[in-house]
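K.L.:
I am attaching a structure below and will ask some questions about it afterwards.
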Amino acid sequence: MEPLTPAKRLTAIAAGIVLAVGAGVAIYREVTRQPLAKLVRADLPLLELTVKLRDSANQDLDAANSLVGSNDEVPAGDERCPALVGGDTGSATAVDVSVKRPADCPKRAAWYVRKHPVAFTLYFNQGEAFLQWWDQQTEVQRLVENRFVKGLFFGLLQSLHVKAEQLNLQGIQGDFLLQVLRDAVGANAELHYDMAHGSQGWVIGYSRSASRFADQAMPALAGVLASSGYRVGKLPEPILEARIGLQKLFVTEYDGRIYLAQSLEALLNVLDSIAPEAGGGDAPLSLVMRSEAFVAHLLPVMAGAESYPIRWDFALNGAEPGWLNLPAASWQRQLHPRLFDGVVASMPHDAFAGFAASLALPPDLTGDDWRKLAAAGPSANPPGPEPAGIGVVWDFSPDDPAGAVGVVVANPGQPQASAAYAQYLKNPDLGAECAGGSLFLAASSANLLTRMKDACNKQSLSPLDWQRGAEKQRLQDAQLLAFVNPATAARELFLAGGAGANQDANEFAPRWQQDYEAAKAAMRRDGDKLFGSLPLLSYAGRVADNASGARLQGKLVAQAVAAAAD
């Protein structure tokens, strides 16, 4: 063997040192990355939970295959040690602190959790790419700095900017929770929204091994900030409760992922319902809506499955928002070649959301026909070549602050069919015909029905008028379309607290009332400016084939341009 020259010896030694250092760093990280239970301080009060799962009707569910639920009897109490009950009980979501229990009473409680499909999940498939895009969006930054946004999300924004120094966290500097959030986004984060728990239904989970900040954040959360905790029998790690600023957080670790939640109930429901998965493939950002959270009983019939996830892929690329993906389903076999124009023309251009499909709904369906549809699903026979369509509109207004829903049914071949559709209405005054009877309109409110009739009669704008008609051909060629106008919902949310109501505050009114009305007017101006800058998201496309489903291309529609044609 040829002897090593001095140069080769130095190269070999350097390579060995590099490998040793790399291996040492990896081993150190694994050794120091202790489980959450090892980081909890010894005196932290922990409550043992027996989790009982319930459905939306408050009926108990079998928890034999549940990750968090239990079929055990709930802990019984007595006069000295009253039973502890919390969660989704209808009257409270926490243990009643007014119930006095001796210190030696069992630290056990029954916790009820409403089990419901998780409505939405936002997948950060390329977290670093998203953060780079976010940091470059000056328009987005201006929206965040808007007084309306700051007021609406005051608690969260205040908590995001609580300094680590204020929390007495050694070795950490700057906005603690903001650092945690940005780190989570870069570590394969999944942001879930559990609508069964309302405003407290947000849960984010991310990979601990991919996190750069977890080795600092987890000891801080578990050892310093946690004020109490919970143990659930089937979970290997405790769930910790902490408060940062105005924000209450529930933290745990499961299967290599860290979870942060706004409520214990939402956290338990997400853990029990959602397994980590790849969201949208190559897209930097994907939003998945689970239809079973909204229309569970229709899915086995119309989609042939218990679940039907609809996925938006966001390209984060200029004016192209990405794609809306609809899985293959039996109802897609009944799509006609194109939408009937009147369906889209009957949708108000500034409604909150709309969906249309080139499906035909015959006016002469009998009770037996409906029972056959419910049992066997849509027919396998191909549809005819003529245009067809049904549409659904969701809208908000001062008269309908909770939202109203409208339906459009096209029947150009039988213009006298409106009476047949009207039989399905409980209130016949909430139905009307348009376009010589070729369209039947119905709505859950008179205000929305009037808006739909005005659009159909061309007395107001529809999506066909967006950007002075530039979108018309794209929408007319589609079999499926959907749109969302986030500004409409945001404005209604803004005005829901009374900011839209003008009180008479003349010069003789008390000074405080004049100042109050002036502040409301300023907020409305800020809100209008904010909402006017938000674009509409419009999707349109066709079914490629019965096996791959539909992929609808997205477009951003500027509201200012749409309104200019008004």
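The values are calculated or read from the model by the stated rules, or taken from the named source; none is laboratory data. Just so it is clear, the model here is predicted, and its values are computed rather than measured. Note: ideal-geometry Cβ built from the backbone for every residue, glycine included; neighbour counts use all protein chains shown. Surface areas here come from the heavy atoms of the whole protein model, side chains and all, with no ligands, DNA or RNA. Shrake-Rupley method; radii C 1.70, N 1.55, O 1.52, S 1.80 Å.
K.L.:
Treating cross-link reach as a plain straight distance, find the lysines whose alpha-carbon is under 23 Å from the alpha-carbon of LYS458, omitting any fewer than eight places away in the same chain.
P.N.:
Those lysines meeting the cut-off are LYS472.
K.L.:
Starting from the residue with the highest accessible area, list LYS472, LYS52, LYS115, LYS100 in decreasing order, probe 1.4 Å.
P.N.:
Result, largest first: LYS100, LYS472, LYS115, LYS52.
K.L.:
How much space per residue, in cubic angstrom, does the convex hull of the C-alpha atoms of the range 115-188 take up?
P.N.:
Value for the range 115-188: 159 Å³ per residue.
K.L.:
Need one value: the accessible area of VAL484 in square angstrom, 1.4 angstrom probe, rounded to the nearest 10.
P.N.:
That residue has around 50 Å² of solvent-accessible surface.
K.L.:
How about LYS520: which lysines have a C-alpha closer than 16 Å to its C-alpha, ignoring those fewer than 8 places off in the same chain?
P.N.:
LYS150, LYS529
K.L.:
State the percentage of accessible surface on the range 416-483 attributable to carbon and sulfur atoms; use a 1.4 Å probe and exclude ligands, DNA and RNA.
P.N.:
47 percent
K.L.:
Can you give me the solvent accessible area of ASP454 with a 1.4 Å probe, rounded to the nearest 10 Å²?
P.N.:
So the heavy atoms of ASP454 present about 50 Å² to solvent.
K.L.:
Also, quick follow-up: Express the carbon and sulfur contribution to the solvent-accessible surface of the range 304-364 as a percent, rounded to the nearest whole number, probe 1.4 angstrom.
P.N.:
Ligands and nucleic acids excluded, carbon and sulfur give 60 percent.
K.L.:
Also, I was wondering about something else. Sorting LEU481, LEU556 by accessible area (1.4 Å probe), largest first, what list results?
P.N.:
The ranking, largest first, comes out as LEU556, LEU481.
K.L.:
Using alpha carbon centroids, what distance separates the range 152-226 and the range 32-63, in Å?
P.N.:
With the range 152-226 and the range 32-63 each reduced to a Cα centre, they are spaced 20 Å.
K.L.:
Hey, what's the range 153-235 come to in accessible area per residue, 1.4 Å probe, Å²?
P.N.:
For the range 153-235, the solvent-accessible area averages 43 Å² per residue.
K.L.:
Using square roots of five times the C-alpha gyration tensor eigenvalues, list the equivalent-ellipsoid semi-axes of the range 142-225 in whole Å, biggest first.
P.N.:
Rounded to whole Å, the semi-axes are 23, 18, 13.
K.L.:
Dipole of the range 391-464 (Lys/Arg Cβ +1, Asp/Glu Cβ -1, origin at the Cα centre): which of VAL405, ALA432, GLN416 lies farthest to the positive side?
P.N.:
The one lying farthest along the dipole's positive direction is GLN416.
K.L.:
Now a separate question. Could you check how much of the accessible area of the range 147-225 is carbon and sulfur, as a whole percent, using a 1.4 Å probe?
P.N.:
Answer for the range 147-225: carbon and sulfur cover 56 percent of the accessible area.
K.L.:
Determine the shape class of the range 413-494: with a ≥ b ≥ c the square roots of the Cα gyration tensor eigenvalues, call it rounded for a/c under 1.5, and otherwise prolate if a/b is greater than b/c, oblate otherwise.
P.N.:
Note, shape of the range 413-494 comes out oblate.
K.L.:
Here is a further query. Under the rule a/c < 1.5 gives rounded, and otherwise a/b versus b/c splits prolate from oblate, where does the range 430-477 land using the Cα gyration tensor?
P.N.:
prolate
K.L.:
Here's a follow-up. Using the Cα centre of the range 307-465 as origin and beta-carbon charges of +1 (Lys, Arg) and -1 (Asp, Glu), tell me which of ALA376, PRO327, SER358 is placed farthest towards the positive end of the dipole.
P.N.:
Ranked along the dipole, the leading option is ALA376.
K.L.:
Enumerate the lysines that LYS426 could reach by cross-link, defined here as Cα to Cα under 25 Å, with residues fewer than 8 away along the same chain left out.
P.N.:
Within the straight-line cut-off, LYS426 pairs with LYS372, LYS453.
K.L.:
Rounded to the nearest whole Å², what accessible area per residue is found for the range 303-365 with the 1.4 Å probe?
P.N.:
Result: 36 Å² per residue.
K.L.:
About its Cα centre, what dipole magnitude does the range 132-216 give when the only charges are +1 on Lys and Arg Cβ and -1 on Asp and Glu Cβ, stated in debye to the nearest 20?
P.N.:
With only Lys, Arg, Asp and Glu charged at Cβ, the dipole is about 140 debye.
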